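Worksheet: one structure, shown below.
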Amino acid sequence: MTSARGRVWLVGAGPGDPGLLTRKAARAIAECDVLVYDYLVSPAIVALAPLACERIYVGKKAGDHTLTQDEITELIVRLGRDGKRVVRLKGGDPFVFARGGEEAAALRAAGVPFEIVPGISSALAAPAYAGIPVTHRDHNTSFVVATGHEDPSKGHSSLDFAKLANPAQTLVFLMAMGNLASIVGKLREHGMPGDMPVAIVREGTKPTQETLVATLATIVSEVERTRFAAPAIVVIGNVVREREAIRWFDTSPLFGRRVLVTRPLEAGAAFAERLWELGAEPVVAPAIALGPPDDPAPARAALEALGSYAWVVFTSRSGVDACFAGLHDLGADARRFGAAKVAAIGAATAERLARSGVRADFVPATFVAEELAEGLIARTQRGDRILLFGAQVMRGALGERLAGAGRAVEAVAAYKTTQLRDPALARAAEATDIWTFASASAVEGFVANVADAAELRRTKLVACIGPVTAAAAAQAGLGPDVVAADSSVEALLEALAFAASHAP
């Protein structure tokens, strides 16, 4: 008997880039009790599952199956009957050569409720990321997606190669690398010309994407020569000729670069998403974590009297988050600011305020404490009360400059930054090409975990947000190669892209 709560979602994870995951898929993953996932699913997508979620890897690749298909089907049926909310996560789309139809039929027969969440198939996404349109009015009027790995128990092929050899269409073969020579041979036997362009896209939409272009006559020998291997899709047709004109993903300066992200987990995930979009491979390994301050009473008292200040100043997004979490605990909201004006140290902090319904009255042109202080002095009078709502250990420059100008400054610890101890950080540092730091505390946490950081740094590109972080890196022997023009993620990405494009 199936529990009323039990349900299975057959979810397409898309081709690899986490940014291509649908919102419905992300919601299903975030709410599941058990995640049953395949070989081609990106770790960044698996990481969306709740911490308490049971993760079961059932990946299958050539010659290496953790479970048979029958065992996977039995597993999801049993979990659903046990009342679990199960996400069966498949690469691409669950109904495109992924045996999702068989699993859905088994769930229906067992009386287990299920839903289908389509995903973007690699048959479309991988060519697009390689700069190859599957349709183009100058080249074709149709395209065909076919499997290159039919059910071996049939004993014969169901593919009609006489029709597939039509040069006025595009062919996309999935799982074809093991049978490539046979497929090419049959297409040529049925009249497809040897000079027909062919592209093989490996690890499509990922920072490790590679594209091999040849012709039908040469592709097999080129694969052997280059040892081009699965997972890959094969595109055959004149549309391949468009690649050189419109290729885009693998031309980014950061394409294929492995970038270490040392920010706290939540902020690091957002930065990692932007790196993915630029073709880099983010490695999220936080050096610090954020938590409540040692004594939360001052912050609570400040929030209770928020409207009594002339200005409330936020020096980070984390301070904004802590503020509104504290207001929520008090049963209050943005109206508690009253007549107080609000300042943010940078655009990202101002944006976080705006999401909570508060528009910053002042954001300095340069996102540093000194500029913030001068701007506040110009906008206040002696004796005005100014609340600095930020980290437990704050730089003294802002408060000291304001106090020196006769302002009544109250610095309150809204959150605390702590160093993480994680052996994986040292391994991540060694395996990456670029190290990024967004704060001095991240530099300190990194050095505490990576004993030979200064020596290892010689082969790395080091990038920092802002002059304070850069100074901390230099003091630790990690003199940065790149310093963002202002203290924002976008500025850091621009600086990184420029440095990478001009690297020798």
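The values are calculated or read from the model by the stated rules, or taken from the named source; none is laboratory data. Quick caveat: nothing in here was measured; it's all calculated off a predicted structure. Reconstructed Cβ throughout: ideal geometry from the backbone, glycine too, with neighbour counts over all protein chains shown. Heavy atoms of the whole protein, side chains included, go into the accessibility calculation; ligands, DNA and RNA do not. Shrake-Rupley method; radii C 1.70, N 1.55, O 1.52, S 1.80 Å.
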#### Entry: Candidate set from segment 387-420 (those that are within 35 Å of the chain's Cα centre (by Cα) and charged (D, E, K, R)); member that is most open to solvent (accessible area, probe 1.4 Å)
ARG395
#### Entry: Residue list for segment 282-299, filter: open to solvent by less than 50 Å² (accessible area, probe 1.4 Å) and in a strand (DSSP E or B)
PRO282, VAL283, ILE288, ALA289, GLY291
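Could you please find all residues in segment 474-504 being of a type in the set (Val, Ile, Thr) and touching a residue at least 24 places away in the same chain (Cβ under 8 Å)? Explain how you work it out, then say what you get.
Taking segment 474-504 first, the residues of a type in the set (Val, Ile, Thr) are 482-483, 489.
If the condition is that a residue be of a type in the set (Val, Ile, Thr) and touching a residue at least 24 places away in the same chain (Cβ under 8 Å), then VAL489 is the only one that fits.
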### Message
Exactly one condition in (1) in contact (Cβ under 8 Å) with a residue 60 or more places away in the chain; (2) under 22 Å from LEU290 (Cβ atoms); (3) open to solvent by 10 Å² or more (accessible area, probe 1.4 Å) is false for PRO467; which is it?
### Response
(2)
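Within segment 21-33, which residues are buried (at least 21 other Cβ atoms within 10 Å of the Cβ) and either farther than 20 Å from LEU265 by Cβ or not β-branched (Val, Ile, Thr) (or both)? Before you say what the answer is, go through the steps one by one.
Narrowing segment 21-33 to residues buried (at least 21 other Cβ atoms within 10 Å of the Cβ): 21, 25, 28-29, 32.
Passing the criteria: LEU21, ALA25, ALA28, CYS32.
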### Query
Can you tell me which of LEU254, LEU260 is within 30 Å of ALA438 (Cα to Cα) and part of a strand (DSSP E or B)?
LEU260
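Can you tell which of GLY445, GLY479 is over 21 Å from the mean Cα position of the chain (by Cα) and not in a helix (DSSP H, G or I)? Lay out the reasoning, then the answer.
Details: GLY445 fails: not in a helix (DSSP H, G or I).
Result: GLY479 is the single residue among GLY445, GLY479 that is over 21 Å from the mean Cα position of the chain (by Cα) and not in a helix (DSSP H, G or I).
Which of the residues that make up segment 213-244 are β-branched (Val, Ile, Thr) and assigned to a helix (DSSP H, G or I)?
Quick first cut of segment 213-244, residues β-branched (Val, Ile, Thr) only: 213, 215, 218-220, 223, 226, 233-236, 239-240.
Residues satisfying the conditions are ILE219, VAL220, VAL223, THR226, VAL239, VAL240.
To keep it simple, each residue is scored yes or no on (1) modelled with pLDDT under 95; (2) touching an Asp or Glu at 6+ places or on another chain (Cβ under 6 Å); (3) of a type in the set (A, V, I, L, M, F, W, C).
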| position | (1), (2), (3) |
| --- | --- |
| ASP33 | no, no, no |
| VAL46 | yes, no, yes |
| ALA62 | yes, no, yes |
| ILE72 | no, no, yes |
| ARG78 | no, no, no |
| VAL87 | no, no, yes |
| PHE95 | no, no, yes |
### Message
Can you tell me which of (1) touching a His at 6+ places or on another chain (Cβ under 7 Å); (2) of a type outside the set (Lys, Arg); (3) assigned to a strand (DSSP E or B) is the one PHE173 doesn't meet?
### Response
(1)
### Task
Starting from segment 274-296, keep only residues that are among the aromatic types (Phe, Trp, Tyr), then list their pairs with residues that are open to solvent by 30 Å² or more (accessible area, probe 1.4 Å) whose Cβ atoms are within a distance under 6 Å, requiring at least 6 positions of separation or different chains.
TRP276/GLY19
### Summary
Taking segment 300-339 and keeping only residues that are open to solvent by 10 Å² or more (accessible area, probe 1.4 Å) and of a type in the set (A, V, I, L, M), one is left with ALA301, ALA305, ALA310, ALA322, ALA325, LEU330, ALA332, ALA334, ALA339
### Message
Among the residues of segment 269-281, what is the count of those that are within 19 Å of GLU494 (Cβ to Cβ) and either hydrophobic (A, V, I, L, M, F, W, C) or open to solvent by less than 30 Å² (accessible area, probe 1.4 Å) (or both)?
### Response
8
### Query
Counting just the residues of segment 430-441 that are at pLDDT 95 or above and open to solvent by less than 30 Å² (accessible area, probe 1.4 Å), which one comes out farthest from VAL259 (Cα to Cα)?
PHE437
### Message
ARG27 - would you say it is assigned to a helix (DSSP H, G or I), of a type in the set (Lys, Arg) and more than 19 Å from VAL112 (Cα to Cα)?
### Response
yes
### Message
Can you report the number of residues in segment 34-55 which are outside any helix (DSSP H, G or I), hydrophobic (A, V, I, L, M, F, W, C) and buried (at least 17 other Cβ atoms within 10 Å of the Cβ)?
### Response
8
